[in-house]
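The values are calculated or read from the model by the stated rules, or taken from the named source; none is laboratory data. Note that the structure is predicted; figures quoted are calculated from it, not measured. Neighbour counts are summed over all protein chains in view; Cβ atoms, including those assigned to glycine, are modelled from backbone coordinates with ideal geometry. For accessibility, only protein heavy atoms count, side chains too; no ligands or nucleic acids. Shrake-Rupley method; radii C 1.70, N 1.55, O 1.52, S 1.80 Å.
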Amino acid sequence: MPAYAVIVPTLNEARNVTTLTRRLEKVLAHLDWEVVFVDDGSTDGTVEELRSLALHNPRVRFLRRVGRRGLASACVEGMMSTVADCLAVMDADLQHDECLLPAMFGALASGEANLVVASRYLEEGGTGSWDKNRVGLSKFATWLASKSMKVACSDPMSGFFALNRGLIDAVAEKVQSRGFKILFDILTQPTLRLSIKEFPYIFRERAVGSTKLSYPVIMDFAWLLLSRTLSGFAYAQFAMFCLVGLLGVGVHMAILFFLHRRLGLSFLLGQSFATLCAMTSNYFLNNWLTFGRQRLRGLKALLIGYGKFVAACVVGAFANVASAEFLQSHGVFWWLAAGVGIAMGAFINYFFSRFLIWK
């Protein structure tokens, strides 16, 4: 049974997985190890390449996930699938320096640390060929992340790290599956006792393939950061729900202005259409952002969910008006009564959304 395992999430990395395997064989030759590739729906022949590798190399295993995606959940599933006690996570794009793995595993095996991070921001590390904008964005994200951590780490956004099995066993069910930055998620788990050792490395330039950095990835990190800042997923989820609601107000007012003031439609017609558009935009934004882990997929599920969401909005609007009217009629200042009504409506909308739509 292997004592060490390298977990490598893949998405369209057919031209890299064989090269990475050969490099791992070279640097880990003196250790009892295996590599576990976890593929999330590649369409470029990565799965076929991995199958060929696994057939001819007993150190290579791979998981092909169907119907689910996410770098964090891929890493967790890969770690759960091996019996190794020392686990490392790295990318398949050859930008991480595999030569660090023996030292990283050594720090774990000796008990010097239970979490080892390969850092781009130590004195001898670097971001390679990144331009100033990307370096600045990365450092800003690192600074934001550091405000939510209980322990010091120079590169909490690193995708190259190693840890003892006991750490991931303790938090596997708490790690957010949609997240991109799994290390940051681990670093902000309040129940873990971490002893960290860092090694510097220089981030290599990608030779083939394309970067996985995208707008949804950035939004996923923002969501994770929000949830950790507010110290609770439920609070962050409600905050995101309210933020989406505010965006809906902007959609409503913009459409009402265009229809009523620019096109000359009656206020009632413009208001009705703007309300429908705002509810629709809120529904799809909540499906994508707020309730991403329970996201509705498929036309039938989306239509049923939309009908329930509209009904929930109607109930929330009634609760808003009724509670505000009750308070105002009993002498509460109008602005306070209106505020309570808005809060009541938002809470009811969230309650129905959370427990009846995105269960």
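Report, to two decimal places, the Cα Rg of the stretch 22-175 normalised by 2.2 N^0.38 Å (N = number of residues). Could you put the intermediate results ahead of the total?
Values: Rg = 16.4 Å, N = 154, 2.2 N^0.38 = 14.9 Å.
Relative to the rule-of-thumb radius for its length, the stretch 22-175 sits at 1.10.
Any idea what the dipole of the stretch 1-137 comes to, in debye rounded to 20, about its Cα centre with Lys/Arg Cβ at +1 and Asp/Glu Cβ at -1? Could you put the intermediate results ahead of the total?
Working: 14 positive and 19 negative charges, 65 e Å.
Roughly 320 debye, rounded to the nearest 20.
Can you compute the FRET efficiency between residue 172 and residue 55 using 1/(1 + (r/R0)^6), with r the Cβ-Cβ distance and R0 = 30 Å? Round to the nearest 0.05. Can you show the working numbers first?
Numbers: r = 29 Å, r/R0 = 0.98.
Calculated transfer efficiency: 0.55.
So for the stretch 1-68, averaging the separation of alpha carbon pairs under 8 Å that are six or more residues apart and normalising by length, what relative contact order in percent results? Could you put the intermediate results ahead of the total?
Values: 104 pairs, mean separation 26.6, N = 68.
So the answer I get is 39 percent.
Place a +1 charge on the Cβ of each Lys and Arg in the stretch 1-70 and a -1 charge on the Cβ of each Asp and Glu, then give the dipole magnitude about the Cα centre in debye, rounded to the nearest 20. Intermediate results must be reported in sequence, preceding the final value.
On the way: 11 positive and 9 negative charges, 13 e Å.
Dipole about the Cα centre, nearest 20: 60 debye.
Explain nothing, just compute: Karplus ³J(HN,Hα) = 6.51 cos²θ - 1.76 cosθ + 1.60, θ = phi - 60°, for every residue of the stretch 182-190 in order, whole Hz, x for Gly and Pro.
After applying 6.51 cos²θ - 1.76 cosθ + 1.60, I find 5, 4, 4, 4, 5, 5, 9, 6, x Hz.
Using a Förster radius of 56 Å, what is the FRET efficiency between residue 265 and residue 43 based on their Cβ-Cβ separation? Nearest 0.05, please. Display every interim value, and only then the final one.
Details: r = 46 Å, r/R0 = 0.82.
So the FRET efficiency works out to roughly 0.75.
Can you sort 7, 202, 255 by 1.4 Å-probe accessible area, starting with the largest? Each step should come with its number before you reach the end.
On the way: 7 0, 202 100, 255 40 Å².
Output order, biggest surface exposure first: 202, 255, 7.
Hey, if you put +1 on the Cβ of every Lys and Arg and -1 on every Asp and Glu Cβ in the stretch 251-359, which of 356, 322, 294 ends up farthest toward the positive end of that dipole?
Positive-end residue among those listed: 294.
For a label point 7 Å from the Cα of residue 336 along Cα→C-beta, name the residues of the stretch 283-324 whose backbone N is under 18 Å from it.
Under 18 Å, as judged by backbone N against the label point of residue 336, lie 323-324 of the stretch 283-324.
Name the residue from 89, 105, 122 whose Cα lies farthest towards the positive end of the charge dipole of the stretch 54-123, charges +1 on Cβ of Lys and Arg and -1 on Cβ of Asp and Glu.
My answer, from the dipole projection, is 89.
Using 0.36 nm per residue of separation minus the Cα-Cα distance, give me the extension gain between residue 293 and residue 23 in nm, one decimal. Before the final figure, lay out the partial values.
Values: separation 270, 0.36 × 270 = 97.20 nm, distance 3.54 nm.
So the extension gain works out to 93.7 nm.
Scan around residue 202 for amide H atoms under 5 Å from its own, H built in the peptide plane at 1.01 Å from N, and keep only partners 5 or more places away or cross-chain.
126
Put 266, 119 in order of accessible area, largest first, 1.4 Å probe: what do you get? Walk me through the numbers on the way to the answer.
Details: 266 65, 119 0 Å².
Listed by decreasing accessible area, they come as 266, 119.
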